[in-house]
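Take a look at the structure set out below.
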Amino acid sequence: MTDLHTPSLFTRHNRPLHTLWLESQAWLCAHELGRMTGRFFDAHCIRKLDPDQHRTVQLLRYGHYHMTTMISETGAYTLLAHHHIPENRHLRWWLTHEVVAVLRDRQAASEDDVPRLGQMCWPGGRTATLLYWQSEPWVRMRDMPVVMAGEAAEPGPMVKRKMSWRECAQRAIRMHGM
């Protein structure tokens, strides 16, 4: 089953641009972006992009769902550079500082209980990736040796009992201000 998506609509010089925020990325309607550049971004143009820079989705446009080719933010910048005209500088600035910034801010405001990535750091350059979810830091099992080695390498008072991995992660977070 294909997912149905409801876009955010932006307008520049009386031209619409339907956008989505999917998988932590901004996605732009290829047809409408092409109109803004004065080019038609057809299948030939889209083939110049990497496979992860374009996709087809069911998008709500003008009251009906249509199969719509979407281009990722990086794909849009690639096409703007490849089909360079002086106006593309202004279009790129508008995409970066208005469209993508608004999409990110909207998403950040609605992500209070959405998992997000973080990082623990120790002196000496050791790091471990954390997942913050439901107000708890989570460490991948494959990163546990790094976390435990970081705990063992820290100077401090003698510990009479072994700490659990969760206590270790929370202590590291407190020590490094995460």
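Bear in mind these aren't lab numbers, they're just calculated from the coordinates by the rules spelled out. Note that this is a predicted model, so its numbers are computed, not measured. Don't worry about glycine lacking a Cβ; one is built from the backbone with ideal geometry, like all the others, and counts go over all protein chains shown.
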Exercise. Suppose every K and R has +1 on its Cβ and every D and E has -1 on its Cβ; what is the size of the dipole of the stretch 1-136 about the Cα centre, in Debye to the nearest 20?
Worked result: 560
Problem set entry | In Å, descending, principal axis extents of the Cα set of the stretch 4-110 | 36, 27, 27
Exercise. Fewest to most neighbouring Cβ within 10 Å: what's the order for Trp138, Trp27, Trp21?
Worked result: Trp138, Trp21, Trp27
Exercise. Looking at the stretch 1-106, what % of its DSSP beta bridges pair antiparallel, to the nearest 5?
Worked result: 90
